[in-house]
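The values are calculated or read from the model by the stated rules, or taken from the named source; none is laboratory data. Values in this document were obtained by computation on a predicted structure and should not be read as measured data. Here the Cβ positions follow ideal geometry from the backbone for every residue, glycine too, while neighbour counts run over all protein chains shown. Calculation scope for accessible area: heavy atoms of the full protein, side chains included, ligands and nucleic acids excluded. Shrake-Rupley method; radii C 1.70, N 1.55, O 1.52, S 1.80 Å.
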Amino acid sequence: MTSLVNNPADFPAELLDGFVAANPRHARKVFGGVVRATRSKPGKVSIVVGGGTGHYPAFTGWIGPGLVDGVVCGNIFSSPSASQVYSVAKHADNGGGVLIGFLNYAGDVLHFGLGAERLKADGYNVRSSVVTDDVASASKDEIHKRRGIAGGLAVFKMAGAAAEAGLSLDEVLRVFQKANDNVRTFGVAFSGCTLPGAAEPLFTVPDGMMGVGLGVHGEPGIYETEMGTADDVAALLVNKLVEEAPDGAGKRVVAMLNGLGSAKYEELYVMYNSVERRIREAGLELIEGQVDEFMTSLDMGGVSLTIAWLDDELEGYWNAPCDTPSYHRAELADPPHGDDKVFNTEPEPIQVTTPGSAESQAAGKAIAQGLRAIHNTISENAGMLGDLDAIAGDGDHGIGMTRGSGAAADIAEELAANGGGAQTVLAGAGARWSENAGGASGALWGAALTAAGNVLGDQSAISPEAHADAADAFIEAIIRLGGGQEGEKTMIDAQVPFARALRTAINAGATPADAWREAAQVAVDAAAATADMRPTLGRARVLAERSLGHADPGATSFGLVVTTIAGLLAK
């Protein structure tokens, strides 16, 4: 377990501050993450990457000349928010455009995508692409659905070298995608990882067994088998990756053996003997082998193997120099930034620009009261929600919902006290929820609260019909942004029945309090019914069998939320 902890909730922020303090030659802190502490060539394409914390040296350890220009840092195993992506990319931009690269997880896709769209709207030249190197997470026919894991370093390294060489943004994007197409990773876990402050790991592996096809966010493997010897593990990994060789790939390869957190370097080097031998026996020309911690998962026991197939172009970029806190190929000397370079380390303030009407201000205060009650309810149930999420996910749902709802309640109370109407209060709450919760649900809740606020406005009284209209807008935003639908074992399976029941009750003449009470019970029942469903979306899709018999955590938390609001309305 993670032992050196102060307040577990502050762990990601304290980690980032410590990293910046220890690496002033490479990194400067900005809101959302870090950027290079050195001046790049004017007009150079900037590479911005990132994701959840807990994987060092991914991603902050890769900041520096020859690799990446900016890193966006989320909470433990949670994606950063769109505003964090915007901030880091804005500070990293050097005039040649920005390539945003990230791993293929639902939360990252949503938040990095939103950040890129906001940058484009503000006139920045931006491209984005994902890493999909994990062969265990989807079939060859669905490579686009594969997760990104340790192979991301190889992809970012080659794209970063292309940027340093002066290629245009579109050309750097081409190199990124070419590298991704030629990188494959496969991994195994011997033990689960433990979140800072937690007493138990997110999953366990029986003695003498290993989980095959692990994820790096605390997800267990897709199946378990006997571990055997170091040679046996090497054979499993190499054979699978050789089978997964990209179409048209040549024979020249690079191999990267990665420790996931608690595997010792001595063990890794023992295993590498077999890895190298088996790669050569497969008829491949091993240009270089590397053994290190490239992407960890806190204290997880296990290893992953990445093989990158190279042609002349990719080999040149692979061998190009780079200088970062954790990964070096040669020394590059960019001049440091001067005092004239300003780095913003705080999020943009949210303020009341136009006071709401008296009726809307009253609604804003009621909304703030509701968000505080929601936060209290979620906090009381955070352990249960985390346990439910850990069955087929990363176990962070309770933590993420607690952080998101708490930040939303804080800003809602501030805005309501300053005359904010319903729309202003909900929009502010949505922004802070998204920034602090992380993950897919954080982005979705943030967008949904904002959409509901847009329906209510800042000048109108809240009619009974407006309750149903806001609920519809809330759920439409989640469906539109997340791309889900009923029957996929997500929170939508509780939300759509709730909105339908609320609308029906309002149309029948029920008071908002009675309508919410009836609809909340429908949502709770619908959430319980998800236990019999198979997930087809998000991380849980890979571990669908494990989730059977257990309700979806997002649907369950939504049931808690609407039940809390119904209770307040009944008073």
Fill in the blank from the handout: Once A508 and Y223 are pulled to full extension, the length gained, defined as 0.36 nm per residue separation minus their Cα-Cα distance, is 97.5 nm
Problem - Under Karplus coefficients 6.51, -1.76 and 1.60, residue-wise ³J(HN,Hα) of the stretch 170-184 in Hz, glycine/proline x - result: 5, 6, 5, 4, 4, 5, 4, 5, 5, 4, 4, 5, 10, 10, 9
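Arranged from highest to lowest average of other beta-carbon atoms within 10 Å per residue, in what order do the peptides 53-65, 513-525 appear?
53-65, 513-525
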Practice task
Could you run the Karplus curve 6.51 cos²θ - 1.76 cosθ + 1.60 with θ = phi - 60° over the stretch 564-571 and give me ³J(HN,Hα) per residue in whole Hz, x for Gly and Pro?
Solution key: 5, 5, 4, x, 5, 5, 6, 7
Problem - Residue among V216, A234, L167 farthest towards the positive dipole end of the stretch 158-254, charges placed on Cβ - result: L167
Problem - Partners for K341 among aspartates and glutamates (Cα-Cα distance below 16 Å; same-chain residues under 8 apart left out) - result: D69, D93
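Determine the dipole magnitude for the chain: charges of +1 sit on the beta-carbon of Lys and Arg, -1 on that of Asp and Glu, nothing else is charged, the reference point is the Cα centre, and the result goes in debye to the nearest 20.
Details: 42 positive and 70 negative charges, 165 e Å.
Charge dipole of the chain: 800 debye, to the nearest 20.
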Problem - Under the Karplus curve 6.51 cos²θ - 1.76 cosθ + 1.60, θ = phi - 60°, whole-Hz ³J(HN,Hα) for the stretch 45-51, x wherever Gly or Pro sits - result: 5, 9, 9, 10, 10, x, x
Exercise for the section: For each pair in K178/K489; K41/K178; K29/K489, compute the distance between the two Cα atoms and list the pairs where it is over 32 Å. Expected result: K178/K489; K29/K489
Completion exercise
With Cα coordinates, the longest principal axis of the chain makes an angle with the long axis of helix 358-380, in degrees rounded to 10, of 50 degrees
Completion exercise
The answer for the net charge of residues other than D133 whose Cβ lies under 11 angstrom from its Cβ, with Lys and Arg +1 and Asp and Glu -1, is 0
Handout entry: Solvent-accessible area per residue, Å², over the chain with all protein chains present [probe radius 1.4 Å]
Key = 38 Å²
Problem - Reach of K571 by Cα under 28 Å, taken over lysines that are not fewer than 8 positions away in the same chain - result: K365
Practice task
Would you kindly state how much longer the chain becomes between A461 and D532 on full extension, computed as 0.36 nm times their sequence separation minus their alpha carbon distance, in nm to one decimal?
Solution key: 21.4 nm
Completion exercise
Here the residues of the stretch 163-180 lying in the modelled label zone of D311, meaning backbone nitrogen under 14 Å from a point 7 Å along Cα-to-Cβ, are 174-180
Handout entry: the stretch 424-456 versus the stretch 315-368: alpha-carbon centroid distance in Å
Key = 19 Å
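Could you work out what % of the accessible surface of the stretch 142-199 is carbon and sulfur, using a 1.4 angstrom probe and leaving DNA, RNA and ligands out of the count?
C and S fraction of accessible area: 52 percent.
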Completion exercise
By the mean-Cβ-within-10 Å protection proxy, highest first, 37-50, 235-248, 400-413 rank as 400-413, 37-50, 235-248
Problem - Computed [θ] at 222 nm, helices only, for the chain once each DSSP H run of length n ≥ 4 contributes -39500 (n - 2.57) - result: -15000 deg cm²/dmol
Exercise for the section: Could you compute the FRET efficiency for S3 and D170, with r as their C-beta to C-beta distance and R0 at 51 Å, rounded to 0.05? Expected result: 0.60
Problem - Degrees between helix 265-281 axis and first principal axis of the chain (Cα, 0 to 90, nearest 10) - result: 70 degrees
Exercise for the section: Find out how many positive minus negative residues lie around Y265, taking Lys and Arg as positive, Asp and Glu as negative, among other residues whose Cβ is under 10 Å from that of Y265. Expected result: -3
Handout entry: Nonlocal amide H pairs with F31, under 5 Å, H built at 1.01 Å
Key = N344, T345, E346
Exercise for the section: State, to one decimal in nm, how far the label point of Q290 lies from the label point of D17, with both points 7 Å from Cα in the Cβ direction. Expected result: 3.1 nm
Completion exercise
Listed by chain and number, the residues whose amide H is under 5 Å from that of G395, excluding neighbours fewer than 5 places away on the same chain and using placed H, are A390
Practice task
Quick one: angle between helix 11-22 and the longest Cα principal axis of the chain, in degrees between 0 and 90, rounded to 10, please.
Solution key: 40 degrees
Exercise for the section: Arrange the peptides 256-264, 461-469 so that the one whose residues have, on average, the most other Cβ atoms within 10 Å appears first. Expected result: 256-264, 461-469
Practice task
Leaving ligands, DNA and RNA out of it, report the carbon-plus-sulfur percent of the accessible area of the stretch 345-438 at a 1.4 Å probe.
Solution key: 49 percent
Fill in the blank from the handout: Over all viewing directions the Cα convex hull of the stretch 239-314 casts an average projected area in nm² of 5.2 nm²
Completion exercise
Quick calc: nm separation of the 7 Å Cα→Cβ label points for E266 and E200 -> 3.2 nm
Handout entry: Which labelled figure in (i) 28.0, 94; (ii) 30.3, 103; (iii) 24.1, 77 is Rg and Dmax of the Cα atoms in Å, once derived from the coordinates
Key = (iii)
Exercise for the section: Enumerate the amide H contacts of L195 below 5 Å, restricted to partners 5 or more residues apart or on another chain; note that Pro and chain-start residues carry no placed amide H. Expected result: L202
Problem - Charge-dipole axis of the chain as Lys and Arg at +1 and Asp and Glu at -1 on Cβ define it, positive-most pick from G33, A417, V253 - result: A417
